[in-house]
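Participant: Below are the C-alpha cells for one structure; questions will follow.
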Amino acid sequence: MKKGLLSFSLLFLGFFLVYPLLWLLPQSFLSGGRFTLRILSSLLSNSLILQSLLNSFLLAAGTIVGTSLIGIPLAILLTRYQFSGRRFFQVLFVLPMLVSPFVGAIGMQQILARFGSLNLLLLRLKLIPAPVPWLGSGLLGIAILQTLHLYPIMYLNISAALANFDRSAEEAAASLGASSWQNFRTITFPLLRPGYFAACSIIFVWSLTDLGTPLVFEYPQLLPVQIFNAITDINVNPAGYSLVLVVLILSALFFIFTRQVVERTPYTTGRTPVSEQGHILSRRAQKLLIAGLSLLAVISLLPHLSIILNSFSQRWFFSILPSKYSWRSYQAVFHHRLTRTGIVNSLFYSSLATVTDILLGLAIGYLLARWSFRGRFLLDALAMAPLAIPGIALAFAYCTAFSGTPLDPRKNPVFLLIAIYSVRRLPYLVRSTYANFQQLNENMEEASASLGANPGTTFRRILLPLIVPGLLAGGIMVFAFSMLEVSSSLVLAFREKFFPISKVIYILAGRLTDGPNVASALGVLGLLLLLVCLGGASRLAGRRLTDFFKTT
Amino acid sequence: MDNLILSLENISKRFGATPVLKGITLTVAGNEIFFLLGPSGCGKTTLLRIIAGFCQPDSGRILLDGQDITGVPAHQRHIGLVFQNYALWPHLTVWENVAYGLKLRKLPEKFVHQRVEEMLTLTHLLPQKNLYPSQLSGGQQQRVALARSLIVRPRLLLLDEPLSNLDANLREQMRQEIKKIQKETGITMIYVTHDQREALTMAHRLAVMNAGEIVQTGTPLQIYFEPGNRFVADFVGTVNLLAGKVSGFETGLLQVETSEGLLRATGGGDFSSGQAVEIGFRPESISLRPGQSNVFRTTVTETEIGEGIMRVMATSPGGRNFLLHLPLETGRKLQAGQNLIFSVPPERMIVFPLSPSVPSAVKRNGRDKPHLP
Ligand SMILES: Nc1ncnc2c1ncn2[C@@H]1O[C@H](COP(=O)(O)OP(=O)(O)O)[C@@H](O)[C@H]1O
Ligand SMILES: [Mg+2]
C-alpha cells in the first residue's frame, strides 16, 4: 500500500517535474552531440537579451525598494501601535496580493495613461501643468504594479518577525541612550533581517519571472517575455533554453539562500512573544495614521478598483471616471464564444488539478508523516521543489520536453495544463496535509488497530474524517489559484479551443473596442471566485486567511 | 498456573544503539491483573507496544495461548490497549467511540446498541453518550478509553499508565472501578505503572522492571516482604538496610555480622558463610516489646504524622538512622531525645546478596528514605 503510493507519487513527480527540467540541460549545453558553452555565451553577445536581463534585474531591484518602502513601515505601524481599526487594516493589506497584477494592469493602463484618470485629475486640480508620462517606457508602470501586488509579502514577513521579537532588546538599548534611529539601525533591523531577506528573495524571483504584466504593458525587453517569445522559434534559436536555465538557477539559489538564512537564525525561535498590545496613540495621531493607511489602501487597491470600473464602463475617454456605465461587458462574458470556452476550460482543468493535488497531497503528506523510509528526503525535496521553480520556467520546459510527443501542447495542452497546475500548487497541499497528520497522535490509529481495524479501515474511518477539513480547504485554494494561474496558461495554451481564462483575458486585453472591458469583467469574476474560495477555505480550516500565504 | 495465556520469551529491543529491552521473559496467567512496575524510561511502554503489535522485537517470541503471534499484525491480535493519553477519536461521540469496535465486526445493529448501552452503564457514561471527547472531564475520557477497549472482549487488555493524568482522588476511585470491571468481565489485564502503591493495591501478580530487565516477579506480598534485591526493596516501599557478612547458621536462622551487631533472619538457605549481603527491615516491621534477637537501642531524633501511622526517625549510638512506623497512639508519646529500644522478629528481616551493580531506585518521596551511611 505504502509502496504503491510512493511509486505513484514519484512517478508523477518524475514525469512532470524532473524529466522536463532535466531535458533543458542537454539543450543548453549540447550542440551536435558535443558539450559546448557556445549557447550560453551567445546570450552575452545578443544585445536585446542583455538589455532584457539588465531590465529584469532593474525591475526586480526597483520592486524590492518599493515594497520595502511600503511594507516595513506598514508592518511596524500595524504591530507596534494600537488604534481602532487595526485588525481591519491588518487583513485589508493582505488583499492586494490576491489577484495577479496581470489583470490589474488592464485597468491601470486606463488610469495611468497619458490622458488617463490620474493625469486628468491632477490637471483639473491644477497640480501639474502637462500630463505626466507615468507609464514612461513601461518599466515604471510594471514596477508600480508589481510593488502594489507584492508589498503584502514584505509586510507579512516583517510582521511575523516583529511578533516573535523581544521588545526588551530595544528597551535595553534605549536605556543605554540609543536614539530611535540608532535603535532601529543597530537592534531592530538586525533582528528583522532574516524575515527581510526571506521576503526580498521571494519578491525578487517573483518580479523577475512575472510574464503577465509586461505582456499587458507590451514591454518586450524583459526576461520572461524573451522566454515567451523564444518558444515560437525554439527550433532555430536555442537561446530560450539558456534563459530558462538562468532563471532556474537564480530562483533556486534564492530559495536555498532564504532557507539558510531563516534556519540559521538562532534568535527567531524559543522567544516568548511580546504582548500584542503596543503603544496606544493619541486621538490626533490615530486620525492621522488612519487617514494615511486609508490612502495607501486606496492606492494599493487601485488596480482592483480600476478593473471593476472598467468592467462596468461603456464609455471612458478623456474623463476621470467612465461617462457611461452598463452591464454589457458581463453579458458579453457569458455570450462570447471565446470567454465561454475559457471559463469552461478553466473549470475543467482546475477541477482535475484539484483532484490530482488532493490525492497526491494526501499520499505524500501521509508517507512523509507516517513512514520512515530510504528516499524520504528525496520525496520531500521533490514535493517542495515547485516552490523554487517559476511557472514560466516549468511551462517552457513542458513545451520543449513534450514537443512532438502525444502530449505536445501545440496539439492538445489539456494534460500538461492540468499537470502544471497541480505540480505548482502541490507543495501547499503536501505541507498542510503533512502538518495535519503530524498533529494527529499516532495512538489514535493504533487504538483503531487494536480493536481489529485493518489499515484501510483505520485510514477511512479515523484519519480521513479528521483531515478532511484541512484537505478541502487546501483543495479549494488549489482550485482558485489554478483558475487564475497566469504564466503557465499563457505559455502552454496555443489554440483557442483550449484557452483557459487567463489566456482569454490576455487576448481580449489586446483587442480594440470593448476587449479590455470584457477582460476586466472576466477579471472581476475571477476576483469574486477567489474571495468566495478564500472565505470558504479559511472557515473550513478554521485558520486565518493569511496562513495560506506563508511562503517560507 | 492453569489457563496459561500470554508468554514472552526473551524479548529484546534496541532503538539505535541503546538497548531498551534486554531479554524479557514473562508469563501472564488468565483472569488476573498483572502489573509491570518500573521507573520512567525503563521500557514499559515499549514492552506493551511489542505485545500489542505496534513494534517488532529485535529477537524473542510472543505466545498467546500457545500460538506464536510475534509476526501477526496488530489488528489481527485481538489485544486491547488503553493509551496513557487515551487517544480518543475527537470526531466521534462517546457512543460512536465505544461502538466502533463492534461496528467493525458488522454485528447486527440491535446487538451493537444493546452492548454499547451495557458498557456505558458499566462505566457510568450513559448520560454523556452524545458528547464529544473534548467535552468530557479527564476521568470520563479515561472511562471512554476503557469502555472502547473492553467492549470487543479482547483476549488481553493492556493498560499503559491509564490513571497517570488524573488527580489523586479520581485516581483512587478509578482504581476501584478498574478492579471491579476486571472482576465482572474476567478479562486478563496487563497494567503498566510507575506508581508502586497502585501496583501493590491492585495487582494479583506483578513484575518489577528496571533498565529494560525484569528484576523480580511475584505477588504484592512477596514483592513487598521478600524483595530479591536492593532495587526492588528500595523502589517498592521503604527499607532500612545495613551492609553485613554472613557469619553462620544457627537453629534455622541466618546470622549476619553488621555494624549494629549480630542480626538474625529466617530462611536463606542459598547463602554461604562469609558472603556479603544486605540485611534490613521495613519501617513497620518493628516491635516495641523486648525481643531476643535483632534488638536496636536508639535515640528518637524526629517524629511526624503520616497516613494512619507515626513516622519516627531514630539514631543508633553508631550513628545509623532508622525510619520506623509506629501506631499513632504509641508514637505520639515519643519525643525527640528520648531513648527507644525496639526489635525486629527474624521472620520479618529482609536479606539479599549485596549487588553493587544494581543502581538504587529513584524515589519520588525522598523524606521516606532513611539516611543510610
Ligand atoms: N521510538 C523510539 N525511538 C527511540 N527511542 C525510544 C523510542 N521509544 C522509546 N524510546 C526510548 O526507550 C526508552 C524506554 O521508553 P519507554 O518504553 O517509553 O519507557 P517507559 O514507558 O517505561 O517510561 C526510553 O529511554 C525512550 O527514550
Ligand atoms: Mg511509558
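The values are calculated or read from the model by the stated rules, or taken from the named source; none is laboratory data. Note that this is a predicted model, so its numbers are computed, not measured. Ideal geometry is used to build each Cβ from the backbone, glycine not excepted, and the neighbour counts take in all protein chains shown. In case anyone asks, the SASA skips ligands and DNA or RNA and just uses the protein heavy atoms, side chains included. Shrake-Rupley method; radii C 1.70, N 1.55, O 1.52, S 1.80 Å.
Participant: Given the convex hull of the Cα atoms of the protein assembly as shown, what is a quarter of its surface area in nm²? Spell out each step's value before the answer.
Facilitator: Working: hull surface 221.2 nm².
Result: a mean projected hull area of 55.3 nm².
Participant: Further, regarding this structure: Hey, what number do you get for chain B at 222 nm if only DSSP H runs of n ≥ 4 count, each worth -39500 (n - 2.57), divided across all residues, to the nearest 500?
Facilitator: Only helices count here, giving -7000 deg cm²/dmol.
Participant: Under the definition of Cα pairs under 8 Å and six or more residues apart, what whole-number percent is the relative contact order of region B:4-225? Spell out each step's value before the answer.
Facilitator: Details: 413 pairs, mean separation 66.2, N = 222.
It comes to 30 percent, rounded to a whole number.
Participant: Among B:PRO346, A:PHE197, A:LEU176, which residue has its Cα furthest toward the positive end of the charge dipole of the protein assembly as shown, with +1 on Lys/Arg Cβ and -1 on Asp/Glu Cβ?
Facilitator: Working it through, the farthest residue towards the positive pole turns out to be A:PHE197.
Participant: Here's a follow-up. Please report, in debye to the nearest 20, how large the charge dipole of region B:4-225 is about its Cα centre when each Lys and Arg carries +1 at its beta carbon and each Asp and Glu carries -1 there.
Facilitator: Rounded to the nearest 20 debye, it is 340 debye.
Participant: Moving on to the next point. Can you give the FRET efficiency for B:ALA243 and A:TYR19, using 1/(1 + (r/R0)^6), R0 = 45 Å, r = Cβ-Cβ distance, to the nearest 0.05?
Facilitator: Calculated transfer efficiency: 0.05.
Participant: Where the accessible area of region A:337-552 is counted over protein heavy atoms with a 1.4 Å probe, how much of it, in %, is carbon and sulfur?
Facilitator: 62
Participant: Follow-up question, since we're still on this one. For region B:219-291 and region B:319-355, write down the distance between their C-alpha centroids in whole Å.
Facilitator: Spelled out, the Cα-based centre of one part sits 14 Å from the other.
Participant: From other protein chains only, count the Cβ atoms within 10 Å of every residue's Cβ in A:438-448, then give the mean.
Facilitator: Per residue, the average neighbour count from other chains is 6.
Participant: Show me the helices of chain A, taken as full DSSP H stretches, that run 20 Å or more along their long axis by Cα and average 0.0 or above in Kyte-Doolittle hydropathy.
Facilitator: Passing helices, by number: A:47-80, A:139-163, A:189-209, A:239-263, A:283-300, A:337-370, A:414-439, A:464-483, A:515-541.
Participant: Treating the angle as unsigned and between 0 and 90°, give the value, to the nearest 10°, between the Cα long axis of helix B:168-185 and the longest Cα principal axis of chain B.
Facilitator: Value to nearest ten degrees: 60.
Participant: Ok, one more. Sorted by packing (mean other beta-carbon atoms within 10 Å per residue), highest first, where do A:304-316, A:197-209 land?
Facilitator: Highest to lowest by the protection proxy: A:197-209, A:304-316.
Participant: To the nearest 20 debye, what is the magnitude of the charge dipole of the protein assembly as shown about its Cα centre, counting +1 on the Cβ of each Lys and Arg and -1 on the Cβ of each Asp and Glu?
Facilitator: 2680
Participant: So what's the angle, to the nearest 10 degrees on a 0 to 90 scale, between helix B:109-122 and the longest Cα principal axis of chain B?
Facilitator: Taking the Cα atoms of chain B, the angle to B:109-122 is about 20 degrees.
Participant: Most fluctuating residue of B:GLY237, B:GLY218, B:GLY331 in a GNM of chain B with Cα springs under 10 Å: which is it?
Facilitator: Maximum among the listed residues: B:GLY331.
Participant: Something else now. Take each of the peptides B:93-103, A:74-84, A:419-429, average the number of other beta-carbon atoms within 10 Å over its residues, and list them starting from the highest.
Facilitator: A:419-429, B:93-103, A:74-84
Participant: Now for a different question. With label points built 7 Å along Cα→Cβ from the Cα atoms of A:LEU127 and B:ARG153, find their separation and express it in nm.
Facilitator: A separation of 8.6 nm, rounded to one decimal place.
Participant: How far is helix B:138-150 tilted, in degrees, relative to the longest principal axis of the Cα atoms in chain B, given as a value from 0 to 90 rounded to the nearest 10?
Facilitator: It works out to around 70 degrees.
Participant: If you average the sequence gap of Cα pairs under 8 Å that are 6 or more apart and divide by the length of region A:337-552, what percent do you get for the contact order?
Facilitator: This gives 30 percent for region A:337-552.
Participant: Just read off the accessible area of A:ARG410 with the full protein assembly in place, 1.4 Å probe, to the nearest 10 Å².
Facilitator: Approximately 80 Å² for this residue.
Participant: Something else now. Using the structure shown, select from B:LYS103/B:LYS183; A:LYS126/A:LYS324; A:LYS411/A:LYS497; B:LYS22/B:LYS183 the pairs with a Cα to Cα distance greater than 21 angstrom.
Facilitator: Exceeds cut-off: B:LYS103/B:LYS183; A:LYS126/A:LYS324; B:LYS22/B:LYS183.
Participant: Something else: Can you figure out the FRET efficiency of A:ARG193 with A:GLN260, using R₀ = 22 Å and their beta-carbon distance, to the nearest 0.05?
Facilitator: Efficiency, from the Cβ-Cβ distance: 0.95.
Participant: Next up: Show that you can apply the helix-only estimate: for chain A, add -39,500 (n - 2.57) for every DSSP H stretch of four or more residues, divide by all residues, and state [θ] at 222 nm to the nearest 500.
Facilitator: It comes out at -22500 deg cm²/dmol, rounded to the nearest 500.
Participant: Okay, moving on. Among all stretches of chain A without exposed GluC sites (Glu not before Pro) (DSSP loop, at most 12 other Cβ atoms within 10 Å), which one is longest?
Facilitator: My reading of the result: A:277-552 is the longest stretch.
Participant: How well do other chains shield peptide A:461-467, expressed as the mean number of their Cβ atoms within 10 Å of each residue Cβ?
Facilitator: 3
Participant: Sequence gap at least 6, Cα distance under 8 Å: using those rules, report the relative contact order of chain A to the nearest whole percent.
Facilitator: Once normalised by length, the contact order is 20 percent.
Participant: What fraction of the DSSP beta bridges in the protein assembly as shown is antiparallel, stated in percent and rounded to the nearest 5? Intermediate results must be reported in sequence, preceding the final value.
Facilitator: Numbers: 66 of 85 bridges.
Approximately 80 percent, going by the DSSP bridge assignments.
Participant: Rank these residues by their accessible area, most exposed first, probe 1.4 Å: B:VAL239, B:VAL215.
Facilitator: B:VAL215, B:VAL239
Participant: Quick one: which of A:502-510, A:224-232 comes out on top by average Cβ neighbours within 10 Å, and what's the full order, highest first? Walk me through the numbers before you get to the answer.
Facilitator: Values: A:502-510: 23.7, A:224-232: 20.9.
Most protected by this proxy first, the peptides run A:502-510, A:224-232.
Participant: In peptide B:82-93, how many Cβ atoms from other protein chains are near each Cβ within 10 Å, on average?
Facilitator: Details: counts 2, 6, 1, 3, 4, 11, 3, 10, 5, 8, 4, 0.
Whole-number average of other-chain Cβ neighbours for B:82-93 is 5.
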